[in-house]
1. Can you pull out the residues in region 15-38 that are touching a residue at least 12 places away in the same chain (Cβ under 8 Å) and in a loop (DSSP other than H, G, I, E, B)?
2. Residue by residue through region 364-389, note down the ones that are among the polar types (S, T, N, Q) and either in the same structural domain as Val225 (by TED's automatic domain parsing) or loosely packed, with under 13 Cβ neighbours inside 10 Å (or both).
3. Out of everything in region 198-231 that is assigned to a loop (DSSP other than H, G, I, E, B) and in contact (Cβ under 8 Å) with a residue 24 or more places away in the chain, what residue ends up being surrounded by the most Cβ atoms within 10 Å (Cβ to Cβ)?
4. Being under 22 Å from Asn143 (Cβ atoms) and not hydroxyl-bearing (Ser, Thr, Tyr) is the filter here, so list the residues in region 34-52 that pass it.
5. Please determine whether any residue of region 188-197 is within 28 Å of Tyr357 (Cα to Cα), more than 27 Å from the chain's Cα centre (by Cα) and not in a helix (DSSP H, G or I).
6. Just checking, does region 27-47 include any residue being among the acidic types (Asp, Glu) and either assigned by TED's automatic domain parsing to the domain that holds Val170 or closer than 18 Å to Gln103 by Cβ (or both)?
7. Out of all the residues in region 336-358, which are assigned to a helix (DSSP H, G or I), out of contact with any Phe, Trp or Tyr (no Cβ under 7 Å at 6 or more places or on another chain) and surrounded by 12 or more Cβ atoms within 10 Å (Cβ to Cβ)?
8. Can you tell me which residue within region 324-340, out of those that are within 25 Å of the chain's Cα centre (by Cα) and of a type outside the set (D, E, K, R), is nearest to His281 (Cα to Cα)?
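The values are calculated or read from the model by the stated rules, or taken from the named source; none is laboratory data. The structure displayed is predicted, hence computed values, not measured ones. Every residue, glycine as well, gets a Cβ built from its backbone with ideal geometry; the counts of neighbours run over all protein chains shown.
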Amino acid sequence: MLKRVFGQGNIPADWNIQNISDIGEVVTGSTPSTIKKEYYGGDYLFVKPSDLHKDKIISNTETKLTLQGFNQCRKIPSNSIMVTCIGSIGEMGISGKELSTNQQINTIICKDKVIPDYVFYNIIFRKRFLEIYANQSLLPIINKSDFSKIPLPVPPLVEQRGIVEVLGTVDEAIRRTDAVIEKVEELKRGLMQRLLTWGMGHTEFKQTEQGEIPKTWEISLLNDVGEIITGTTPSTKIPEYYGKDYQFISPFDMGSSKYIYKTQKMISKKGLEVSRALPKHSVLVVCIGSTIGKVGMTSEVGSTNQQINSIICNEKWDPNFVYYYLLHKEKLFKMYAGKSPVPILNKTEFSKIIIKYPKIEEQREISKMLSSIDKKKEEEKIYLKKLKDIKEGLMQSLLSGKVRVELKADGLHRIGNG
């Protein structure tokens, strides 16, 4: 049997609706005086919103307090629910130990009648509601009084345990997959450092102005790698230039994987004709803006905007090798660009960037090894997305009461649909 509750839709009749202040004590954090250096640099955790988007359980923070600084704050016990209520609304975490927070965070110190993990999942599920609930000023905010009055559905404890068991299992799978991805990325970084510096199986090296390199390697400029093209944007005043035929790549579309498979904007055949068309396997580098140094490759024919320089490699070069080489040097692009308010590396300067390289056969061997690691990483990322989709579906079903579960001494039981 269901009952209708304003703002919550239909929920099971045996569920209660309680304000957050009935679920636990609400505490707003504060920041010890930053003028007093003796308050900072100790071992006590001080949580800011930037600490709340990484892990569910918060056991480490960027900023730490001394005992003196910690004593200036309201102490938050372990298993308390922290929610950002100023700025980036709805970032959350559970305290893994006694700690303190800044004033952007409201914390719920839960009472015995609710399970902290259930409250955590419940509020995450309603994050969009929190964002709407925050006023629409330049700095979104939910004050302590309003936050305390937010209603949440609360099922019986045995069902809270069931919901936490199911969602916690998926969360653990997500955590493990994230850890695998990080390990694979760490392996890739190490291999790039070794292979793009020392090559494969070399025993003889030579000194150059660019440092020591394998004896058979050469040094050249990007200008010698192939044709360099700076992108251009078809006029947005001409609707016929835009459609669904070809990718139109911007810096936003780059960085999540080697190949660009999807773009925010697409252009038509006419749009491609007035832009600078790029073949498949062109190497792309962001050369203007805050994301300067991002590197990617075209997966099909397309074009880019003017923030991106592209290299169409000639027959002496393996495009994948060039991609990995530039990816390895990604952090240097900002240095090349200087310290202007808008970092920029023009086509002329970009063309002069030095590249150390072996013969194409070794380029391909290096690319093959690094590509296999990228493939593993992409497989894990696809699996991670599936897990997150499963979690989203389970939250929709379990936290609305559409599917009922409970955890008893002999295990998890499904108790039907809501």
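1. Trp15, Gly29, Ser30, Thr31, Pro32, Ser33, Lys36
2. Scanning region 364-389 gives a single hit, Ser372.
3. By that ranking, first place goes to Val225.
4. Phe46, Val47, Lys48, Pro49, Asp51, Leu52
5. No - not one qualifying residue is present in region 188-197.
6. Scanning region 27-47 turns up no residue that is among the acidic types (Asp, Glu) and either assigned by TED's automatic domain parsing to the domain that holds Val170 or closer than 18 Å to Gln103 by Cβ (or both).
7. The answer is Tyr336, Ala337, Lys347, Phe350, Ser351.
8. By that ranking, first place goes to Tyr324.
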